[in-house]
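Have a look at the structure below before the remarks.
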There are 2 protein chains.
Amino acid sequence: METPTKSAQATAQPLTVDSVRALFDSVDAFLFDCDGVIWKGDKLIDGVTQTIDFLRFKGKKLVFVTNNSFRSRRQYAEKFRSLGITVSEDEIFSSSFAAAMYLRAKNFPPEKKVYVIGGEGILEELQLAGFTGIGGPEDGDKRVELKSNNLFEYDTSVGAVVVGLDPHINYYKLQYGTLCIRQNPGCLFIATNRDAVGHMTDLQEWPGAGCMVAAICGSTEREPVEVGKPSTFMMDFLLQKLSISSSRMCMVGDRLDTDILFGQNAGCKTLLVLSGVTSESNLLDTSNTIQPDYYSNQVSDILKLLGP
Amino acid sequence: METPTKSAQATAQPLTVDSVRALFDSVDAFLFDCDGVIWKGDKLIDGVTQTIDFLRFKGKKLVFVTNNSFRSRRQYAEKFRSLGITVSEDEIFSSSFAAAMYLRAKNFPPEKKVYVIGGEGILEELQLAGFTGIGGPEDGDKRVELKSNNLFEYDTSVGAVVVGLDPHINYYKLQYGTLCIRQNPGCLFIATNRDAVGHMTDLQEWPGAGCMVAAICGSTEREPVEVGKPSTFMMDFLLQKLSISSSRMCMVGDRLDTDILFGQNAGCKTLLVLSGVTSESNLLDTSNTIQPDYYSNQVSDILKLLGP
């Protein structure tokens, strides 16, 4: 099948002393994915701090765009701080934030409730945006008994179900979300993202939000609206905030089907780093149709190759 | 879109005094779905016992074909007994049994293990077929911590993952199944069935095996082999056992996309009953492309219309 975009036809170039200079000069902002790019689990990837300091010193704008909805922007800023990197909340665009912004963009009635399958971060972003989230962590230990006359009660004022990564997924939450989507008229079904797996720890990949989202698709026979990468929903906020054309931005990520596709969909330059889920052989495999502009081992190669 | 089969083009006929006689005379065996046909949750549907007794008295063979994998054939026979109906294990074809039979048909090496996301019934059928199942109910209370250096250990000798309805679904099981399918070379991914929802209790529908199966599809980016309805895998066993041509069988069920499709795929006559998940308006809706030969309110209409 022919892919129509220029980026997808060209083959990715390895980052070199020459190409990194061309990339560096052609962009004013770097958009970084976090998991597999900045850190793996709770461990910073080598050389990230120095690279970020260098890019700030050179006047580049930095943005962190993560599909991981488990934390709010505030909680992400804290995680950066705990790892020794200063990042402001304004520089962070998480899919938890995107879910709340989507509801605002749709003029979601504030008197309606939002049922959350996912982490505290989603509830916090909903609250900051003026919405009432229910569910989430507090439903993590709830159990159901499949007995006669056991009526599962749910809130008929729920007008949206937001599904993200949820390591405390259970049948109670699945039934709650399913009933709302199937029974409450007009109930929205929002996926923070659909990543199949992610580096929730540094040693392994684990089921991502794509797992919980698919579960709800399976029981509701509905498809969600996605607000995280590769959907370009977050780009509208970025463009407004940065006043930089997307062609003067470079998206740096470890995933072809979310990060690189997001960058390409938005018209950014793209750099794949091999420090996360994608290996060089995945990238160069003939079955792969998503080609970034550039690729390199890790973020710190930018610094190493441009080196002062 | 044109549907090529005769049954799908014709519109379902309501069961009448005339049509029930034609149906009754043209078949030697009745295949019944259970949930929504024989019972709802733990409650028998009105008139089922008398209808079954009548059909046996008239010399019809009876078979119970259920997608619900939560019980083994032995456990289903017990459930029938507890509801006052005598049914032998040989008359029951559950998707838990079908999963074990699929492994046997594929010459699955008995020294390999089978990881189960689902109920005790699957483990029991695996054991009866000479296979070693692990997981299932005993993993229902296991929790994981997403911490650095926390390596999730799993058995590399798992050669198949069977996924069915699991009201004790959790992240531990999702990660276990996902790792086996993604990491163990050649690992099979078997779905007992993909029903979106089911009458797990008499008052409500709940997420079905389709929910858990979709979750594993979401994290593994793989599609399973399905052994329950509408796949005709179980029909091979039925044909062998009954020595009746499928054209002399009538599949009775409450679901268009599993029961009626299963019957049609196998060349059986089909009767939809409206005592389960499908309403008359679902059936008659122009968007519905699956038309049974006949439909009626409930199984006991057969007796009422033929009545002695």
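Rule-based calculations on the coordinates, nothing more; no lab input. For clarity, every value in this text was computed on a predicted model and none was experimentally measured. For neighbour counting, all protein chains shown are included, and Cβ atoms are generated from backbone atoms with ideal geometry for every residue, glycine included.
Relative to the longest principal axis of the Cα atoms of chain A, the long axis of helix A:17-26 lies at roughly 60 degrees.
With springs connecting C-alpha atoms under 10 Å apart, model chain A as a Gaussian network and identify which of A:S96, A:S275, A:S88 has the largest mean-square fluctuation. Maximum among the listed residues: A:S88. Legend: residue pairs A:K43/B:K142; A:K43/B:K112; B:K60/B:K269, Cα-Cα distance threshold 24 Å; pairs beyond threshold, A:K43/B:K142; A:K43/B:K112.
How much FRET efficiency would the formula 1/(1 + (r/R0)^6) give for B:R81 and A:R56, where r is the Cβ-Cβ distance and R0 is 51 Å, rounded to 0.05?
Plugging the Cβ-Cβ distance into 1/(1 + (r/R0)^6) gives 0.10.
Taking every DSSP bridge with both residues inside the range A:84-224, close to 15 percent are antiparallel.
Note: relative contact order over chain A, using C-alpha pairs below 8 Å and six or more positions apart, is 23 percent.
Close amide H contacts of A:Q13 (hydrogens built in the peptide plane, cut-off under 5 Å, sequence separation of 5 or more or a different chain): A:Y294, A:Y295.
Each copy carries a label point for B:L203 at 7 Å from Cα along the beta-carbon vector; from one copy to the others these points are 4.4 nm apart, nearest first. The shape of the range A:108-226 can be summarised by an equivalent ellipsoid whose semi-axes, obtained from the alpha carbon gyration tensor, come to 22, 18, 14 Å from longest to shortest. Residues of the range B:266-280 with backbone nitrogen within less than 17 Å of a virtual label 7 Å along the Cα-to-Cβ line of B:Q13, please, listed as ranges. Under 17 Å, as judged by backbone N against the label point of B:Q13, lie B:268-273 of the range B:266-280.
At q = 0.07 Å⁻¹, what log₁₀ I(q)/I(0) does a Debye calculation on the Cα points of the protein assembly as shown give, no solvent, two decimals? Results for the protein assembly as shown at q = 0.07 Å⁻¹ read -0.50. The C-alpha atoms of chain A occupy a region whose extents along the principal axes are 71, 42, 36 Å, arranged from largest to smallest. Between A:L203 and A:L242, the distance separating the two model label sites (each 7 Å from Cα on the Cα→Cβ line) works out to 3.7 nm.
The angle between the Cα long axis of helix B:209-220 and the longest principal axis of the Cα atoms of chain B comes to about 40 degrees, rounded to the nearest 10. Name the residue, out of A:E280, A:E153, A:E138, whose mean-square fluctuation peaks in a Gaussian network model built on chain A with Cα pairs under 10 Å. It is A:E153. Could you work out the local net charge near A:L188, counting Lys and Arg as +1, Asp and Glu as -1, over the other residues with Cβ closer than 14 Å to its Cβ? Around A:L188, the charge tally is +4. Computed from phi, the 3J(HN,Hα) profile of the range A:100-111 under the Karplus parametrisation 6.51, -1.76, 1.60 (θ = phi - 60°) reads 5, 5, 5, 4, 5, 4, 8, 6, 4, x, x, 7 Hz, with x in place of Gly and Pro.
For A:F93, the amide hydrogen comes within under 5 Å of the amide hydrogens of A:F64, A:V65, A:T66, counting only partners 5 or more places away or on other chains and with H modelled in the peptide plane. For peptide A:197-208, the mean count of partner chain Cβ atoms within 10 Å of a residue's Cβ comes to 6. Structure remark: mean-square fluctuation, Gaussian network model of chain A, C-alpha springs under 10 Å; the largest value among A:P224, A:P185, A:P14 belongs to A:P185.
Beta bridges per DSSP, both residues in the protein assembly as shown: antiparallel share near 10 percent. Remark: the range B:60-75, residue by residue, has Karplus-estimated 3J(HN,Hα) of 7, 7, 10, 9, 10, 10, 10, 7, 6, 8, 5, 10, 7, 4, 4, 5 Hz, where x stands for each Gly or Pro and the curve is 6.51 cos²θ - 1.76 cosθ + 1.60 at θ = phi - 60°. Averaging Cα coordinates gives a centre for the range B:230-244 and one for the range B:101-139; these two points are 21 Å apart.
Which percent, to the nearest 5, of DSSP beta bridges fully inside the range A:1-122 are antiparallel? If we restrict to bridges inside the range A:1-122, about 20 percent are antiparallel.
In the assembly of identical copies, A:T156 has its label point, taken 7 Å from Cα in the direction of the beta carbon, separated from the corresponding points by 5.6 nm (ascending, one decimal). Sorted from closest to farthest, the other copies place their B:L284 label points 6.5 nm away, with each point set 7 Å from Cα along Cα→Cβ.
Converting phi to 3J(HN,Hα) with the Karplus coefficients 6.51, -1.76 and 1.60 and the offset θ = phi - 60°, the range A:184-194 yields 7, x, x, 4, 7, 10, 10, 9, 4, 5, 10 Hz in sequence order, with x at every glycine or proline. Note on A:S88 and A:R74: the extension gain reaches 4.2 nm, defined as 0.36 nm multiplied by sequence separation minus the Cα-Cα distance.
Taking amide H positions as modeled 1.01 Å from N, with prolines and chain starts lacking one, the residues under 5 Å from B:F189 and 5 or more places away or on another chain are B:V161, B:V225. Spin-label model, A:N265 to B:K106: label points 7 Å out along the Cα-to-beta-carbon direction sit 3.4 nm apart.
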